[in-house]
Amino acid sequence: MATHRIAVIPGDGIGQEVIPEGLKVLRTVQEIVPGLHLEYEEFPWGTDYYLQHGVMMPENALQILATFDAIYFGAVGDPQRVPDHITLNGLILPIRKHFQQYACVRPVQLLPGAPCPLVGKTPADIDFVVVRENTEGEYADAGGWIHRGAPQEVAIQTAIFTRAGCERIMRFAFELARKRNKKRRVTSITKSNAQKYGMVFWDSIFREVAARYPDVEANAYLVDAAAMNFIRCPEVFDVVVASNLFADILTDLGAVIMGGMGFAPSANLNPERTYPSMFEAVHGSAPDIKGQGIANPIATIWAGQMMLDFLGEAEAAARILRALATHVQRGTVRTPDLGGHHRTSDVGDSICAILREQAAI
Ligand code: GGG
């Protein structure tokens with residue numbers, strides 16, 4: 001009987017409201033599935049911590065986190081108090097990079113009952129996964145800003161694409177297409193007509209890696225065409241692989257076609273399991289609604305489900321996904337983003353009640 005130790009970082013804004021619902025669901029499934037044992041330790045890192053200590057997390061934070069099996073993360077950002085580039089670069093990006101969580105897996109799956117803004121599209125049409133390169137590319141933190149404030153001031157931000165980084169994320173995408181065993185198709189997304197070094201390099205590595213997977217179809221789009229096709233024909237996608245920035249942007253679009261930002265989960269995986277992986281919603285801290293208790297916790301609950309799946313707890317993960325899908329299909333408990341009047345905690349309670357109902361059958 002394995003015990004999984006989970007580091008919990010609610011972070012900022014609605015992260016502090018959705019994480020308790022995720023934990024509520026995890027605790028409920030733990031009561032139901034024999035042998036499932038999860039232990040949690042919560043860390044108060046984020047913008048409040050920054051305002052007290054001058055850093056988003058303590059100096060030894062990564063050493064502390066390294067001792068856990070997984071990290072369950074809420075959200076980061078409180079731009080009224082601290083600029084976003086400080087909060088993001090002080091918390092979530094160093095965790096992703098240090099722990100080599102290079103494969104950011106973001107399902108774009110429309111559950112029956114979820115509100116899809118695309119006319120005529122059904123859950124059968126919207127079922128793909130975006131694999132985001134999570135450690136380099138446009139978020140590599142390479143650049144400089146000189147002569148600040150002077151007329152000759154200049155800033156340079158460089159995207160970094162390494163052969164090792166491209167190969168590993170592409171291999172991951174092809175393996176995922178095999179594992180999903182649906183369309184067996186990987187679509188690479190770049191802007192290599194305009195970005196003629198890094199992205200042409202990405203394209204050439206994609207062709208090399210694709211040649212090693214003859215059983216998986218490989219194709220490629222420019223990012224502008226991909227954005228259009230996410231809306232026009234989402235059914236053509238199975239596994240999408242893209243750089244850090246492009247996949248970050250496209251997965252907000254993906255979230256909207258699967259029902260809204262409140263639905264979209266995200267797993268930052270270290271596939272080799274050398275370090276802990278981190279699970280969070282795609283959405284951010286939503287300062288506009290923080291503290292009101294009305295945020296939709298589905299994405300964070302779904303991220304908790306992905307965490308259990310990655311930890312090898314297949315039965316518990318399957319139960320959460322089933323309960324979540326039932327909750328969405330019933331549509332009786334809805335936060336305001338879905339046109340309802342329920343509260344964040346009502347959604348957590350509803351999913352826990354369905355988990356218990358389904359366990360009793
Ligand atoms: N729960 C995710 C979160 O807080 N995201 C804030 C954000 O903007 N992140 C950018 C990124 O995911 O790279």
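To check you understand DSSP bridge types, tell me what percent of the beta bridges within region 117-257 (both residues inside) are antiparallel, rounded to 5.
Around 30 percent antiparallel, to the nearest 5.
Might you report the magnitude of the Cβ-based charge dipole of the chain about its Cα centre, with Lys and Arg at +1 and Asp and Glu at -1, to the nearest 20 debye?
That gives a dipole near 900 debye.
Can you compute the modelled spin-label distance between residue 315 and residue 217, with each label point 7 Å from Cα toward Cβ, in nm?
In this crude label model, residue 315 to residue 217 measures out at 3.8 nm.
Could you go through region 151-166 in sequence order and give the Karplus-derived ³J(HN,Hα) for each residue, using 6.51 cos²θ - 1.76 cosθ + 1.60 with θ = phi - 60°, rounded to whole Hz, and x for Gly and Pro?
Those phi angles translate into x, 8, 3, 8, 10, 10, 10, 10, 8, 10, 10, 9, 4, 4, x, 5 Hz.
Can you give me the % of accessible surface on region 1-85 that is carbon or sulfur? Probe 1.4 Å, all protein chains present, nothing else counted.
49
What is the distance in Å between the Cα centres of region 274-304 and region 1-29?
Cα centres, region 274-304 to region 1-29: 10 Å.
Which whole-number value in Å² is the accessible area per residue of the chain, probe 1.4 Å?
43
Taking 0.36 nm per intervening residue step and subtracting the Cα-Cα distance, what contour gain separates residue 288 from residue 322 on full extension?
Extending this stretch completely gives an extra 9.1 nm.
Enter the Cα centre distance for the pair region 86-149 and region 166-216, rounded to the nearest angstrom.
If you average the Cα positions of each part, the centres end up 17 Å apart.
Can you give me the convex hull volume of the Cα atoms of the chain, divided per residue and expressed in Å³?
Considering the Cα atoms of the chain, their hull volume per residue is 152 Å³.
Under 10 Å, Cα contacts only: if you run a Gaussian network model on the chain, which one of 122, 326, 158 comes out with the highest mean-square fluctuation?
158
Just need the relative contact order of the chain here, percent rounded to a whole number, with Cα pairs under 8 Å and 6+ apart.
Relative contact order of the chain: 24 percent.
Once you have a ≥ b ≥ c as the square roots of the Cα gyration tensor eigenvalues for region 299-341, tell me rounded if a/c is under 1.5, and otherwise prolate or oblate according to whether a/b is larger than b/c.
oblate
Considering the chain as a Gaussian network with a 10 Å cut-off on Cα pairs, which listed residue, 62, 91, 324, attains the greatest mean-square fluctuation?
62
When the chain is modelled as a GNM with alpha-carbon springs shorter than 10 Å, which of 227, 255, 155 fluctuates the most?
The residue that fluctuates most here is 155.
Would you kindly state how much longer the chain becomes between residue 146 and residue 162 on full extension, computed as 0.36 nm times their sequence separation minus their alpha carbon distance, in nm to one decimal?
Contour length minus the Cα-Cα distance gives 3.2 nm.
Can you give the FRET efficiency for residue 357 and residue 182, using 1/(1 + (r/R0)^6), R0 = 30 Å, r = Cβ-Cβ distance, to the nearest 0.05?
Between residue 357 and residue 182 the formula returns 0.50.
Out of every Cα pair in region 117-257, what percent are spaced more than 24 Å from each other?
Of all Cα-Cα pairs in region 117-257, 34 percent lie more than 24 Å apart.
Between residue 235 and residue 122, what length comes free when the chain is fully extended (0.36 nm per residue of separation minus the Cα-Cα distance, one decimal in nm)?
Length gained between residue 235 and residue 122: 39.7 nm.
Charges on Cβ only, +1 for Lys and Arg, -1 for Asp and Glu, centred on the Cα centroid of region 117-257; of 197, 240, 225, which one is farthest towards the dipole's positive end?
Comparing the listed Cα positions along the dipole, 240 ranks first.
Please report Rg over Rh for region 70-179, where both radii come from the alpha carbon positions and Rh follows the Kirkwood definition.
The Rg/Rh ratio comes out at 1.08.
Normalising by the residue count of region 1-158, find the relative contact order in percent from Cα pairs under 8 Å and 6+ residues apart.
It rounds to 21 percent for region 1-158.
Roughly how many percent of the accessible protein surface of region 177-220 is carbon and sulfur, given a 1.4 Å probe and a whole-percent answer?
Taking all protein chains in place, region 177-220 shows 51 percent carbon and sulfur surface.
Just going by the charge dipole of the chain, with Lys and Arg at +1 and Asp and Glu at -1 on Cβ, which of 122, 85, 54 is farthest out on the positive end?
122
Once amide H atoms are placed 1.01 Å from N in the peptide plane, what residues at a sequence separation of 5 or more from residue 187, or on another chain, have their amide H within under 5 Å of its amide H?
Amide H neighbours of residue 187, under 5 Å, 5+ apart: 219, 238, 239, 240, 241.
The values are calculated or read from the model by the stated rules, or taken from the named source; none is laboratory data. Remember, it's a predicted structure, so these values are computed and weren't measured experimentally. All Cβ positions, even for glycine, are placed from backbone atoms using ideal geometry, and neighbour counts span all protein chains on display. With ligands, DNA and RNA removed, areas are computed over all heavy atoms of the protein, side chains included. Shrake-Rupley method; radii C 1.70, N 1.55, O 1.52, S 1.80 Å.
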